[in-house]
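*Asks:* Below are the structure tokens for one structure; questions will follow.
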Amino acid sequence: MKLKLSGSLKIDAFSMRIADIEGVELDRLHALSLSVGWPHRAEDWQFLRETGQGFVALDEIGRVLGSAMWFGHGAGFATVGMVITSPRLQTQGAAQWLMKRVFDRIPGRDLRLNATRAARRLYLSLDFQPEKTVYQCQGVARVPATGRPAEPRGDIRTLDTSDIPSAIALDAAGFGVRRTALIEKLFAHSVGYGLFKGNQLSAFALCRPFGRGHVVGPVVAENDADAVAILRPHVADHSGSFLRVDTHMANGEFAAFLSHAAMPVFDTVLTMSLGKRLADFVAGGPSVPKAYALASQTLG
């Protein structure tokens, strides 16, 4: 798609200009996400700025009216997220203007994002194609009281930095793209549990502070039972506090466990892609790793 770019955008009686997101105070970014009801803390914005790149839209007196970020993985793929426009601009073309600037910075890459209902028409107009629904499951977690958990098919232990290369490889097999820098960054901010069969890491789940409490993700495993086995200790760790999991799993043992752990579906977004589909949306065999939970809606 050939897009004509402009360095500024006239809206109503004022103009917007683009600035690098690195130069903006965190409290102003936090105020932007609060204006649209997103749960991101200032610390979550900082994590994203350290992980990716982005723009903000500023008005003539420097107020932050919009944002857009991207997170590259290799030369050919990126996820797009934190595409926000303040409520007063949401029908004025500001989001499309920001997306065109993103396209200009990462031309030719396959892209993926998670679209709210309000944003789907925008992304369809930019040739993004629907892929799968993401179920935002959250609540005050509790370990399910019904039924005895199945014995894990392997040993579960806390992950440490020595496990990062295995986690990167397992995540790449499940997601479809090697996300080395992201997994390394997540390890630095997360508690992780891994399922080991012999000395081989076969499933893992990371959990970190986010929003109203903690978020678990990514979760990568070969099957539902293994995914539940590595999610369960995180639920136990945070029983009685707010926990969130974003998953494409609509049914099955993993989805049922989330419901029984007091994390019902709160909302949904739609994963959309521009370019080729990745491995996580292509049917695989029973022993192929699967991405059971996203790192986040922004990161994929």
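*Asks:* Name the long-range amide H neighbours of TYR135: under 5 Å, sequence gap of 5 or more, or other chain; modelled H, no Pro or chain starts.
*Replies:* THR247, HIS248, MET249
*Asks:* Now, a different point. For the range 8-108, what log10 I(q)/I(0) values come out of the Debye formula at q = 0.20 1/Å, with one point per alpha carbon and no solvent?
*Replies:* Scattering profile of the range 8-108, log10 relative to I(0): -1.00.
*Asks:* Enter the angle in degrees (range 0 to 90, nearest 10) between the Cα long axis of helix 42-51 and the first principal axis of the Cα atoms of the chain, meaning the one along which they spread out most.
*Replies:* Helix 42-51 and the main axis of the chain meet at about 90 degrees.
*Asks:* Something else about it: Count the net charge of all other residues whose Cβ sits under 12 Å from the Cβ of GLU25, scoring Lys and Arg as +1 and Asp and Glu as -1.
*Replies:* Local charge sum for GLU25: +1.
*Asks:* When you count, for each residue, the other Cβ atoms within 10 Å and take the mean per peptide, how do 200-207, 23-30 rank with the highest first?
*Replies:* 200-207, 23-30
*Asks:* May I ask you to list the aspartates and glutamates whose Cα is less than 12 Å away from that of LYS290, ignoring any residue fewer than eight positions away on the same chain?
*Replies:* Candidates past the 8-residue exclusion: ASP171, GLU222, ASP224, ASP226, ASP280.
*Asks:* Which shape class applies to the range 210-300: rounded if a/c is under 1.5, otherwise prolate when a/b exceeds b/c and oblate if not, where a ≥ b ≥ c are the square roots of the Cα gyration tensor eigenvalues?
*Replies:* oblate
*Asks:* Compute the Cα gyration tensor for the range 135-293, then decide on rounded, prolate or oblate, letting a ≥ b ≥ c be the square roots of its eigenvalues: rounded whenever a/c is under 1.5, prolate when a/b is larger than b/c in the other cases, and oblate in all that remain.
*Replies:* Rounded, because the longest to shortest axis ratio a/c is under 1.5.
*Asks:* Another question, then. Evaluate E = 1/(1 + (r/R0)^6) for VAL265 and ALA19, where r is the Cβ-Cβ distance and R0 equals 41 Å; express this FRET efficiency to the nearest 0.05.
*Replies:* Computed FRET efficiency for VAL265 and ALA19 comes out at 0.65.
*Asks:* So if each residue of separation counts as 0.36 nm, and I subtract the Cα-Cα distance between SER35 and LYS276, what length gain in nm does that give?
*Replies:* Length difference between fully extended and current span is 83.4 nm.
*Asks:* Working out 0.36 nm times the residue gap between SER125 and ARG212, then minus their Cα-Cα distance, what length gain in nm do you get to one decimal?
*Replies:* Stretched fully, the SER125-ARG212 segment lengthens by 28.0 nm.
*Asks:* Take ARG208, ARG157 and order them by how many other Cβ atoms sit within 10 Å, fewest up front.
*Replies:* In increasing order of surrounding Cβ atoms, one gets ARG157, ARG208.
*Asks:* Would you mind calculating the gained length between ALA118 and ALA236 on full extension (0.36 nm times residue separation, minus the Cα-Cα distance), in nm to one decimal?
*Replies:* Extending this stretch completely gives an extra 39.0 nm.
*Asks:* Moving to a separate point now. Could you tell me which label, among (i) 34, 56, 10, 0; (ii) 35, 58, 7; (iii) 27, 42, 27, 4, carries the value of P(r) over Cα pairs in 20 Å bins from 0, in percent calculated for this structure?
*Replies:* This structure yields the entry labelled (i).
*Asks:* Could you sort 132-142, 33-43 so that the peptide with the highest average Cβ count within 10 Å comes first and the rest follow in order?
*Replies:* By packing density, highest mean first, the sequence is 132-142, 33-43.
*Asks:* Determine the distance separating the Cα centre of the range 98-162 from the Cα centre of the range 204-279; give it in Å without decimals.
*Replies:* Their Cα centres are 9 Å away from one another.
*Asks:* Quick one: helix 164-175 against the long Cα principal axis of the chain, what's the angle to the nearest 10°, folded into 0 to 90?
*Replies:* The helix 164-175 is inclined about 70 degrees to the chain.
*Asks:* For ILE156, enumerate residues with amide H under 5 Å from its amide H, sequence gap 5+ or separate chain, H modeled in the peptide plane.
*Replies:* PHE196
No lab work stands behind these numbers, since they all come straight from the coordinates. Not measured: the values here are computed from a predicted model. In this analysis, Cβ positions are derived from the backbone assuming ideal geometry, glycine residues included, and neighbour counts consider all displayed protein chains.
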